[in-house]
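Everything below concerns the one structure shown next.
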Amino acid sequence: MGKGIVFAGQGAQHPGMGMALAEGSPAAAAVYREADRLLGWEVSSLCFRGTMEELTACARCQPAIFVTSLAGYAALREREPSQALPVALGGLSLGELSALTVSGAVDFETGLRMVARRGELMDQCCRARPGAMGAVVGCDEAVLEEACRESGVWVANYNCPGQRIVSGEAARVDRCLASLEGKAVKLQRLAVAGAFHSPMMEEAAQAFREFLEKIPFQAPQIPLVHNVTGGWTEEAGLPLPELLARQISSPVRWEACAKALMEKADSLEEVGPGRVLAGLMRRIQRNFPVQSMDL
């Protein structure tokens, strides 16, 4: 087998991300320069000197994380030029588009254009239908499902055993979390701009679908796992535009994705800001070799 690569999603951003990377890697610095040129605004400055508030809105946050992730991958290839390509790729939510680009299904310019549009559409949807998300840790699955039904919210992320994210209107998310007091180990409202990965994002999903239908995708050259199904491209029975569009308004099945990756790779490396995925991987399979670049 060999090493698999996984890419960070929205929420992993932090001020200063990628700055040390670009200073130490010509390949990474070149990715930032090209992204600045293609976007027409300095995503590099946002990453290196932006505040957390400036890094939160989808339209800015998503290109910033994507570019930092691709810069990290470029630095990795620069540092290990003799290493074989990864045997498998995956990413959490936004990170799936980073993985898609590395797989060769689209080039960097197209991938960046897709991410920029995705961020814009999700921001628009958040303004039109404000929402919220909350983390639920250590709760019985049946109890959580009942609380979601009664509160009118949805499970948006199946991250790892015992960790779920709920999504919906803010008041309903608060009601759901309140109803689970004493029934879960941890409950936390997340600092996000909307009800991601829920039916409340369907307008963004439909608009993104129409945008993606005009893009000439290639078949991934490296096996790629998808959030919507938790399985590989060739097993999904759906074209790439549909998989990527549905992801915006459907649950992220990261636990299933991780298990699929672990069957195909004998180690994993998280590329991008933060260490969220490495932590989730260890909760899914404690002794599996996983490391994080933490950019």
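The values are calculated or read from the model by the stated rules, or taken from the named source; none is laboratory data. Keep in mind it's a predicted model, so treat the numbers as computed, not measured. Reconstructed Cβ throughout: ideal geometry from the backbone, glycine too, with neighbour counts over all protein chains shown. Just so you know, the surface numbers come from the protein's heavy atoms only, side chains and all, with ligands and any DNA or RNA stripped out. Shrake-Rupley method; radii C 1.70, N 1.55, O 1.52, S 1.80 Å.
Please find, among 206, 221, the residue that is within 19 Å of residue 250 (Cβ to Cβ), in contact (Cβ under 8 Å) with a residue 24 or more places away in the chain and either not charged (D, E, K, R) or not in a helix (DSSP H, G or I) (or both). The conditions single out 206. Put simply, of 238, 261 the only residue that is at pLDDT below 95 and either surrounded by fewer than 20 Cβ atoms within 10 Å (Cβ to Cβ) or farther than 16 Å from residue 110 by Cβ (or both) is 238.
Scanning the stretch 220-232 for residues that are within 22 Å of residue 110 (Cα to Cα) and either modelled with pLDDT under 95 or open to solvent by less than 30 Å² (accessible area, probe 1.4 Å) (or both) yields 222, 224, 225, 226, 227, 228, 232.
With the stretch 52-164 as the region, which helices (runs of 4 or more DSSP H) entirely inside it contain at least 2 residues that are among the aromatic types (Phe, Trp, Tyr)? Before the answer, list the steps.
Values: elements: 58-79, 95-102, 108-128, 141-151.
The qualifying helices (runs of 4 or more DSSP H) are 58-79.
More than 13 Å from residue 63 (Cα to Cα) and either in contact (Cβ under 8 Å) with a residue 12 or more places away in the chain or not in a helix (DSSP H, G or I) (or both): does that describe residue 35? No; evaluated as a whole, the condition is false for this residue. List the number of the failed condition for residue 214; all other conditions in (1) in contact with a Phe, Trp or Tyr (Cβ under 9 Å, 6 or more places away or on another chain); (2) within 18 Å of residue 246 (Cα to Cα); (3) outside any helix (DSSP H, G or I) hold. The one condition residue 214 does not meet is (1). Within the stretch 2-20, the set of residues being exposed (fewer than 14 other Cβ atoms within 10 Å of the Cβ) and part of a helix (DSSP H, G or I) comprises 20 only. The one condition from (1) in a helix (DSSP H, G or I); (2) open to solvent by less than 40 Å² (accessible area, probe 1.4 Å) that residue 23 does not meet is (2). Here residue 191 fits the description: aliphatic (A, V, I, L, M) and either over 24 Å from the mean Cα position of the chain (by Cα) or closer than 24 Å to residue 281 by Cα (or both).
Restricted to the stretch 161-188, and to residues that are at positive phi and in contact (Cβ under 8 Å) with a residue 24 or more places away in the chain, which residue is surrounded by the fewest Cβ atoms within 10 Å (Cβ to Cβ)?
Among residues in the stretch 161-188 that are at positive phi and in contact (Cβ under 8 Å) with a residue 24 or more places away in the chain, the one surrounded by the fewest Cβ atoms within 10 Å (Cβ to Cβ) is 162.
Residues that are open to solvent by 20 Å² or more (accessible area, probe 1.4 Å), at pLDDT below 95 and either assigned to a loop (DSSP other than H, G, I, E, B) or among the acidic types (Asp, Glu) (or both) within the stretch 189-203 comprise 190, 191, 192, 193, listed in sequence order. Do we have residue 246 as of a type in the set (D, E, K, R), closer than 24 Å to residue 3 by Cα, outside any strand (DSSP E or B) and open to solvent by 10 Å² or more (accessible area, probe 1.4 Å) here? Judged against the criteria, residue 246 is not a match.
So, residue 252, is that one open to solvent by less than 70 Å² (accessible area, probe 1.4 Å) and under 17 Å from the mean Cα position of the chain (by Cα) or not? Answer is yes for this residue. If you go through the stretch 259-277 and pick out every residue that is within 13 Å of the chain's Cα centre (by Cα) and of a type in the set (Gly, Ala, Ser), you end up with 2.
For every residue, the table says whether it meets (1) surrounded by fewer than 22 Cβ atoms within 10 Å (Cβ to Cβ); (2) hydrophobic (A, V, I, L, M, F, W, C); (3) modelled with pLDDT under 95.
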{"position": "79", "(1), (2), (3)": "yes, no, yes"}
{"position": "83", "(1), (2), (3)": "yes, no, yes"}
{"position": "90", "(1), (2), (3)": "no, no, no"}
{"position": "94", "(1), (2), (3)": "no, yes, no"}
{"position": "99", "(1), (2), (3)": "no, yes, no"}
{"position": "108", "(1), (2), (3)": "yes, yes, no"}
{"position": "113", "(1), (2), (3)": "yes, no, no"}
{"position": "120", "(1), (2), (3)": "yes, no, no"}
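Taking the conditions exactly as written (more than 13 Å from the chain's Cα centre (by Cα) and in a helix (DSSP H, G or I)), does residue 235 satisfy them or not? Lay out the reasoning, then the answer.
Details: more than 13 Å from the chain's Cα centre (by Cα): yes; in a helix (DSSP H, G or I): yes.
When the stated conditions are applied, residue 235 passes them.
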